[in-house]
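The values are calculated or read from the model by the stated rules, or taken from the named source; none is laboratory data. Since we're looking at a predicted model, the values are computed, not measured. Here Cβ is always computed from backbone atoms with ideal geometry, including for glycine, and neighbour counts include all displayed protein chains.
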Amino acid sequence: MGMTEIEAKKKRRRGYLRDALLASIALSGAVLVAAIAPNALAQLRHLPAIKRAQLRYKAKTILGRLAAQGLIKFEKRNGKSYARITDAGQKALSLEQQKAALHNGKKRRWDKRWRVIIFDIPERRRKVRDRLRIIMRELGFARLQDSVWVYPYDCEDLMALLKADLKIGAAVLYMVVEHIENDKQLQTQFAPK
């Protein structure tokens, strides 16, 4: 396995742990910070001590990053520290859940309508524009032009969350189209394999 693959694998694992911690905080309302590592990872007690310590360290550093990003906040109650999800954290979690649902829902039946996303994001917000393209590429959207992307299934909820998260509401249009000229290549691209 090459270095690029190893780095990509590490990044994916960090994302999985981040999403799991954020979801557990959201589900429980507030999580005792001291209890996260030993209790949430209790099923891993059969691992060697070094691996358990690494997992505890990762959980604590991810919690720190989530707090720095404003996705969770820490509260002190009765001398104990609790993590609580913020509104921004709730939005980020909803976005990740929508992306996962869209990514896992590829076996759906196509309704013969294309979802076309058109955006015009100014050059001064290039990073946001590039991030939107990366997200759409990862989710399996097909690029027709630089700022025109197509998807065969309903993704309106995801696009609404992306618009809010990236603060690009007016710059992105979501359309449902009955027919695209010469769409045979698109149909084969999205055909079940």
- prompt: How many residues are among the small types (Gly, Ala, Ser) and outside any helix (DSSP H, G or I) if we restrict to region 83-140?
  reply: 3
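If only one of Ala171, Ala164, Ala160 is more than 13 Å from Trp114 (Cα to Cα), modelled with pLDDT of 90 or more, in the same structural domain as Arg125 (by TED's automatic domain parsing) and of a type in the set (A, V, I, L, M, F, W, C), which one is it?
That would be Ala171, the only listed residue that is more than 13 Å from Trp114 (Cα to Cα), modelled with pLDDT of 90 or more, in the same structural domain as Arg125 (by TED's automatic domain parsing) and of a type in the set (A, V, I, L, M, F, W, C).
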message: I need every pair where a residue in region 141-169 that is in a helix (DSSP H, G or I) has its Cβ under 7 Å from the Cβ of a residue that is small (Gly, Ala, Ser) and crowded, with 16+ Cβ neighbours inside 10 Å, sequence separation at least 6 or different chains.
response: Leu161/Ser94
- prompt: Looking at (1) at pLDDT below 85; (2) among the β-branched types (Val, Ile, Thr); (3) loosely packed, with under 14 Cβ neighbours inside 10 Å, can you tell me which one Ile72 breaks?
  reply: (3)
message: It is to be established whether one or more residues within region 110-131 are among the basic types (Lys, Arg) and at positive phi.
response: yes
field: Filtered residues of region 154-193 (kept if surrounded by fewer than 13 Cβ atoms within 10 Å (Cβ to Cβ) and among the basic types (Lys, Arg))
entry: Lys167, Lys184, Lys193
- line: Within region 150-189, the count of residues that are more than 19 Å from Ala100 (Cβ to Cβ) and of a type in the set (Phe, Trp, Tyr) comes to 1
field: Where a residue in region 109-121 is touching a residue at least 12 places away in the same chain (Cβ under 8 Å) and its partner, wherever it lies, is part of a loop (DSSP other than H, G, I, E, B) and of a type in the set (Gly, Ala, Ser), with Cβ under 8 Å and at least six apart
entry: Ile118/Ser147; Phe119/Ser147; Asp120/Ser147; Ile121/Ser147
